[in-house]
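Undergrad: Have a look at the structure that comes next, please.
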Amino acid sequence: MAEQLQDLEGIEKVGVAGAGYLNLYLNRRNFARRKLFEEKSSLEAEEKKIIVEHTNINPNKAAHVGHLRNACLGDTLVRCLRYKGENVEVQNYIDDTGVQVVDVVYGFLKLEKKSLEELEKIEGKFDYYCWDLYTRVSRYLAENEEAQREKAEVLKRIEHGLSPEADYADYISKKIVRAHLATMKRLSITYDVLPCESSILRLKFWDKAFQMLKERQAIYFSQEGESAGCWVMKLEDEPEREKIIVRSDGTVTYVGKDIAYQLWKFGLLGQDFYYLPFEEENGHRVWISSAEPTGYDVHFGAASKVYNVIDVRQSYLQKVVVQGLKSLGFSEQAARSIHFSYEMVALSPKSVAEINVELTEEEKDKSFLEVSGRKGIGVKADDLLDRLEEKALAEVTSRNPELSQDGRRQIARQIAAAAVRYFMLKYARNSLIVFDFDEALNFEGETGPYLQYTAVRLRSIFKKFAERFGFAPEKIISPEIIENFDLQALTPEESRDFWELLVYAAGLDEEVLRAIATLEFAGLAKFTFNLCQKVNSFYHNYPVLAEKNEPLRNFRLLTLNYVHQVICQALDLMGIQVPEKM
RNA sequence: GCGCCCGUAGCUCAGUUGGAUAGAGCGACUGACUACGAAUCAGUAGGCCGCAGGUUCGAGCCCUGCCGGGCGCACCA
């Protein structure tokens, strides 16, 4: 085997290592030249169009840490796919007519007895206001059967678009969606389109999907048993189980609507929404669906592959959706419907103690607590970001007192966002995160701020280099440095460290492909962290500015410059910005 | 009851389709700022990889059983 591999391109020699191993030796000079100067990304798109759906927060309360995990994972997937060259559309589904919004509408109508005008006058953070109201309503509904009937009536009126309930739902959900988008913007997360459930209902997407499902006999009308009078779907791998799609009163369940939505995503419904601009910033426009013609000639959906970022608890329902596609004969699309599942974020007892909620005796005994909007158990995303910014601001101020107030605030925002994003990515997706403030507020060790700090210091070296030697690193970056530099002249230690650093840094593309294939970003996070550790150690051991030997000095600068580029690229993929100073 | 997930250092977690001596961070302990920024770096200690079988030349990883924890299995979303 060793002999046959002898002629491989870029391979210097092949050695038999024993124990069944072959060692391949790279032609080092060629490898270095290719990595440092020639090779750009060799990745290429494979899909016509990819839809990534993430965030999907019920628009009835503030976003919490669990939602942050979803959005960070989804946005990082989007960034990785785009880096690979894919055409990606980001969707954030808005369940603006669902029971959670109805609860809050009911709360405003019955508990608060507020008119729409009064509602508009509420001061402070509206999403926070609703957070509290939602827990009050939930408690009230649980204790009051008559209220549940009243709420059911409100739900029906909203679904049919009747005033005033539907106006409340529209006002509340839109206002809260704006709050969510503002929260996500703090983390550099944006969307292309916001498809609304209200649009799906009014444009009768479901009716069309229902027709298709009936025609293909993907669902059938149950005559007996518990599901009598319902339209149900049988599960392929669990034939004894059936899932109700249409209730006996003729209304469609959430899964049914989701099947219609999934069909639309693949362009299989033969119908599209209308769209209105919802927000715009830096030339990027976020569109929202509408049930009425709007005059805008824009279209979304019709993808060749779809990722749904939804927590693991919905695995079963996602399976039903995929089965729906399959039963309709769209096996290709079914195979390209990817449920990107991840475990939830729970709270440590210590964190719960900080958020002022009452716990039952049973809850007090647990080692962690599930986030619950109904019970008001959760760390709000904006609260977490505020605390991080406050801490970061204090740190920045003590280190860079000469910077302006605005400048320091800007940096603190970037650091806070980095801390959150890295925190959400560093864990494997099927590992449960037990959220703890002390851990999340840490800026040292394996954290986002550490990565930023590494990049900032590298930049600082480049800046000082330019000041001292009169030219920027870019000026001396040329293949000649490698061609003319005698790699053999390096000490054995530096040679070893240099090659290790270079080969490691060169692995970014491979890491991104792996992340996409496994939908696992913990590896990418780890890769970036390890690279930062290596380069920190490297420049600690091998100074640039103090080096008297000019070729060696330039060679080191070149090395750091390359690694800096890779780190910045990796950080960008994770949605982490690099501050000027910190 | 059935299905899915987790169990690796005191704590939080990695461990690449089974591969060479199981790795990080935090915490603990030692060192390094008159220095390209100490949010850093160098080092020390700390492991029956939940338990028991099995497959394999080789298992933290695959199979079976058990123990412990979590989540699903709505005419809720």
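Undergrad: Suppose the chain between residue A:251 and residue A:486 were pulled fully straight at 0.36 nm per residue; how much longer would it get relative to their current alpha carbon spacing?
TA: Roughly 77.0 nm would be gained on extension.
Undergrad: What per residue convex hull volume, in Å³, do the alpha-carbon atoms of the range A:350-438 yield?
TA: 112 Å³
Undergrad: What pairs in A:534/A:581; A:35/A:548; A:208/A:265 have C-alpha atoms more than 24 Å from each other?
TA: Exceeds cut-off: A:35/A:548.
Undergrad: Using alpha carbons only, how many degrees (0 to 90, rounded to 10) separate the axis of helix A:145-159 from the longest principal axis of chain A?
TA: 70 degrees
Undergrad: Could I ask something else about it? Within 10 Å, count the other beta carbons around each residue, average over each peptide in A:69-76, A:42-49, A:443-450, and list them highest first.
TA: So the peptides A:69-76, A:42-49, A:443-450, ranked by packing, come out A:69-76, A:443-450, A:42-49.
Undergrad: May I ask you to list the aspartates and glutamates whose Cα is less than 20 Å away from that of residue A:13, ignoring any residue fewer than eight positions away on the same chain?
TA: Result set, ordered by chain and number: A:3, A:500.
Undergrad: Calculated FRET efficiency, residue A:397 and residue A:460, Cβ-Cβ r, R0 25 Å, to nearest 0.05?
TA: Efficiency at R0 = 25 Å is approximately 0.85.
Undergrad: Let me ask you something else. Given the pairs A:49/A:234; A:114/A:364; A:175/A:305; A:84/A:257; A:185/A:391; A:204/A:319, which span a C-alpha to C-alpha distance of over 26 angstrom in this model? Working shown, then result.
TA: Working: A:49/A:234 31 Å; A:114/A:364 36 Å; A:175/A:305 31 Å; A:84/A:257 32 Å; A:185/A:391 20 Å; A:204/A:319 23 Å.
Beyond 26 Å: A:49/A:234; A:114/A:364; A:175/A:305; A:84/A:257.
Undergrad: Given 0.36 nm per residue, what is the gain on full extension from residue A:30 to residue A:128 after removing their alpha carbon distance, in nm?
TA: 29.4 nm
Undergrad: Moving on to the next point. Note the full-extension length gain between residue A:356 and residue A:312 as 0.36 nm times their separation in residues minus their Cα-Cα distance, in nm to one decimal. Mind dumping the intermediate values first?
TA: Values: separation 44, 0.36 × 44 = 15.84 nm, distance 2.79 nm.
Full extension of this stretch gives 13.0 nm more.
Undergrad: Relative to the longest principal axis of the C-alpha atoms of chain A, give the angle of the C-alpha long axis of helix A:165-185, reported between 0 and 90° and rounded to the nearest 10°.
TA: So the inclination is approximately 10 degrees.
Undergrad: Relative contact order of chain A, please, whole-number percent, based on alpha carbon pairs below 8 angstrom and at least 6 residues apart.
TA: On the way: 862 pairs, mean separation 87.9, N = 582.
Relative CO of chain A lands at 15 percent.
Undergrad: Which is farthest toward the positive dipole end of chain A among A:369, A:579, A:252, measuring Cα position about the Cα centre, with Cβ charges +1 (Lys, Arg) and -1 (Asp, Glu)?
TA: Of the listed residues, the answer is A:579.
Undergrad: Taking the 0 to 90 degree range and rounding to the nearest ten, how far is the long axis of helix A:508-518 tilted relative to the main principal axis of chain A, both from C-alpha atoms?
TA: 30 degrees
Undergrad: State the answer as a single residue: which of A:518, A:506, A:276 lies farthest towards the positive end of the charge dipole of chain A, with beta carbon charges of +1 for Lys and Arg and -1 for Asp and Glu, about the Cα centre.
TA: The residue sitting most towards the positive pole is A:506.
Undergrad: Related question: Taking amide H positions as placed 1.01 Å from N in the peptide plane, with prolines and chain starts having none, which residues 5 or more places from residue A:371, or on another chain, fall under 5 Å of its amide H?
TA: The list, which skips near neighbours in sequence, is A:347.
Undergrad: Sticking with this one: Going highest first, how would you order A:195-202, A:280-287, A:411-418 by mean Cβ packing within 10 Å? Provide the component values of the computation, followed by the final result.
TA: Working: A:195-202: 22.1, A:280-287: 12.1, A:411-418: 24.8.
So the order, starting with the most tightly packed, is A:411-418, A:195-202, A:280-287.
Undergrad: So, in Å, what gap is there between the alpha-carbon centers of the range A:435-496 and the range A:194-241?
TA: 58 Å
Undergrad: Which of A:304, A:458, A:325 sits closest to the plus end of the dipole of chain A, meaning its Cα is farthest towards the positive end, when Lys and Arg get +1 and Asp and Glu get -1 on the C-beta?
TA: So the residue furthest toward the plus end is A:458.
Undergrad: Related question: Counting each DSSP H run of 4 or more residues in chain A as -39500 (n - 2.57), what helix-only mean residue ellipticity at 222 nm follows after dividing by all residues, to the nearest 500 deg cm²/dmol? Could the numbers behind the result be given before it?
TA: On the way: 25 runs with 299 residues, N = 582.
So the helix-based figure for chain A works out to -16000 deg cm²/dmol.
Undergrad: Per residue, how big is the convex hull around the C-alpha atoms of chain A? Give it to me in cubic angstrom, could you? Please report the intermediate quantities before stating the final value.
TA: Values: hull volume 124.7 nm³, N = 582.
Per residue, the Cα convex hull of chain A comes to 214 Å³.
Undergrad: With a sphere of radius 11 Å drawn around the Cβ of residue A:330, what net charge do the other residues whose Cβ falls strictly inside it have (Lys, Arg +1; Asp, Glu -1)?
TA: The answer is +2.
Values quoted throughout were computed directly from the atomic coordinates according to the rules given, and no laboratory measurement underlies them. Small disclaimer: the values here were computed from a predicted structure and weren't measured. So basically every Cβ, Gly included, is an ideal-geometry build from the backbone, and we count neighbours across all protein chains shown.
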